[in-house]
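K.L.:
I'd like to ask some things about the structure below.
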Amino acid sequence: MKTLNVKMLSLLFVSLGMLFACSDDDNGGLYQEPRSLNAMDETAIPVTLDLALRLDEAVESLSCGEGNLFYAHSGESEAPTLGDYSLDLSYCGAPREETLSNIEVTITDANNNKLFLQQKVDTAASDGLPTRGSNNDNALSNNNEVLILEITGGTGVYNNYTGEISSRLPANFSAGVPSVNMTFTGYLMQQ
């Protein structure tokens, strides 16, 4: 009888030990939750997007001005922060010219949540950052410049996000290039 009680008592202690060991109240730092884009803190979430963009469209548009075309590029890739995503880049420019304006980007994740970005106003600087074109105060006028985009809105999980991403325009980049590889880096932050 004593043997049975000792065995039952041992089984009880082992069961309780397993129960408390599996509790998520105090994980002792061994397991960390993955970063969630729904976190309610104001911590900047770093983002790097590396993808190839292809030219989808080049059409005349009154909003681009005389002699300019509206260009649309797109591409798909995967990033640790966003998962699978697509990126649509549009802008106005004269064919094979280096001056681009009205630059906009839409990033769509696999769940159809979207981030909307536009070229940041007043991105001119004398240290290699974008310069202003003579015809348009917010036009990139030279290749190999830094394009800075700021988040202007979002849908779904990105509804209340701010932030910016930037990319150095590749050397010899011009309006209407058939394909281009670009890397965008920056941050997202929930308001």
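K.L.:
Quick one: which residue in Leu53, Leu69 is of a type in the set (A, V, I, L, M), within 18 Å of the chain's Cα centre (by Cα), surrounded by 10 or more Cβ atoms within 10 Å (Cβ to Cβ) and modelled with pLDDT of 90 or more?
P.N.:
Leu53
K.L.:
Could you look through segment 154-175, keep only residues that are under 18 Å from Gln119 (Cβ atoms) and either surrounded by fewer than 16 Cβ atoms within 10 Å (Cβ to Cβ) or charged (D, E, K, R) (or both), and pick out the one that is farthest from the chain's Cα centre (by Cα)?
P.N.:
Only one residue tops the list, namely Pro170.
K.L.:
Let me spell it out: the conditions are (1) touching a residue at least 12 places away in the same chain (Cβ under 8 Å); (2) assigned to a strand (DSSP E or B); (3) not β-branched (Val, Ile, Thr), and Glu78 meets all of them except one. Which number is the exception?
P.N.:
Condition not satisfied by Glu78: (1).
The values are calculated or read from the model by the stated rules, or taken from the named source; none is laboratory data. Just so it is clear, the model here is predicted, and its values are computed rather than measured. As a convention, Cβ positions derive from the backbone with ideal geometry for all residues, glycine included, and neighbour counts pool all protein chains shown.
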